[in-house]
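The values are calculated or read from the model by the stated rules, or taken from the named source; none is laboratory data. Everything quoted here is computed from the prediction, not taken from an experiment. All Cβ positions, glycine included, derive from the backbone under ideal geometry; neighbour counts span all protein chains shown. Remember, those area values only see protein heavy atoms, side chains included, never the ligands or the DNA or RNA. Shrake-Rupley method; radii C 1.70, N 1.55, O 1.52, S 1.80 Å.
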Amino acid sequence: KNEKPTLPQDKLRNLLEKCLNNEKIEKPKRCKKSEIDQLGYSDITELVNQASDEMDHDELIAIKRFTLLQAMSSIEIMDQRMDSGMKQLDENGEEIQILTTEESMQAGIIPKDSELSLPALIIHIYDKLLLSELSWLTGRATSVESVLTCLYTHHLKPPLVNSPLLQVYGRLILNTCLIVRETIVVSDVFEEEDFIPGFFRCSEVFKRVDESQLFKMLTAVDDWLVRNISHSKGKKGIENIEPIQDNPELEQFYCEALLSRFRFHRAFFNIHHNFNKGVK
């Protein structure tokens, strides 16, 4: 590349105005080979091929800012097993469409909100979310490989998700991720290959719920489950009970299963919440 073509100020100004006004921006057309020569670009294919032929095994040409994370990411590119941005093809060679949460519900790929009242399904989602969070803590990307692979985390509010058990637990997971990220970033004790702090254009999903509001919601869900457990054990004086499922014999079992998971992650959140105060 001999020189970089400049963009006229008026075109740049119009482009910025479109960005501010949320207007649709047309993608630039790919240049033909004849046009590339006019723009001042040179074909370096032969130079790259010659340089690669002269390199031995285990040799690498890289700029100073080329980190281990970038090296590993370059290996993932165009590998269907690892490249999350690669278009996937089905058995017939047709492109697999990426669906939103609402579209996935309509297609029957994930359970609709009306089916989320089943406690066994809620417990399954709890465990999957916890597993995803742990994979993020071990260094995987937040959005493409861990927490945000759960489509419910993108819409933790009506009309898509009305289940209070899933709403509160999902927000608990996201707030915990935010606090852990803040602690690690402020402490500056990580390398890119160990921890990925970026949200990959999903920062709106991680919009923080005020801690005081979150603690109130956690307390309300905890009290509700405890009351249901006490009622199922036959304790008197407990009124206005709303069972989480239809079988009275399984009420205590499901409530205790939900409560144990809920209290575990609440304690995990409290530890990081208090630790984060000390870091600030």
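Cβ-Cβ below 8 Å, separation at least six or inter-chain, first residue in the stretch 50-64 and of a type in the set (A, V, I, L, M), second open to solvent by less than 100 Å² (accessible area, probe 1.4 Å): which pairs?
Qualifying pairs under 8 Å: Leu60/Ala71; Ile61/Ala51; Ile61/Met55; Ala62/Ala71.
Considering only residues that are at pLDDT 80 or above and of a type outside the set (Asp, Glu), look in the stretch 52-91 and name the one that is farthest from Lys157 (Cα to Cα).
Applying the filter and picking the extreme gives Met55.
Looking at the stretch 224-248 only, could you name the residues that are among the β-branched types (Val, Ile, Thr) and surrounded by 17 or more Cβ atoms within 10 Å (Cβ to Cβ)?
Answer for the stretch 224-248, where residues must be among the β-branched types (Val, Ile, Thr) and surrounded by 17 or more Cβ atoms within 10 Å (Cβ to Cβ): Ile229, Ile244.
Tell me which residues, restricted to the stretch 45-61, are assigned to a loop (DSSP other than H, G, I, E, B) and open to solvent by 80 Å² or more (accessible area, probe 1.4 Å).
Passing the criteria: Asp56, His57, Asp58, Glu59, Leu60, Ile61.
Among the residues that make up the stretch 220-229, is at least one of them under 30 Å from Ser74 (Cα atoms) and either at pLDDT 85 or above or basic (Lys, Arg) (or both)?
No, that holds for no residue.
Are any residues in the stretch 226-277 under 23 Å from Glu133 (Cα atoms) and either polar (S, T, N, Q) or outside any helix (DSSP H, G or I) (or both), and if so, which ones?
Matches in the stretch 226-277: Ser260, Asn270, Asn274, Asn276.
Using the structure shown, decide if Phe195 is touching a residue at least 24 places away in the same chain (Cβ under 8 Å), open to solvent by less than 70 Å² (accessible area, probe 1.4 Å) and not in a helix (DSSP H, G or I).
For Phe195, the condition - touching a residue at least 24 places away in the same chain (Cβ under 8 Å), open to solvent by less than 70 Å² (accessible area, probe 1.4 Å) and not in a helix (DSSP H, G or I) - is met.
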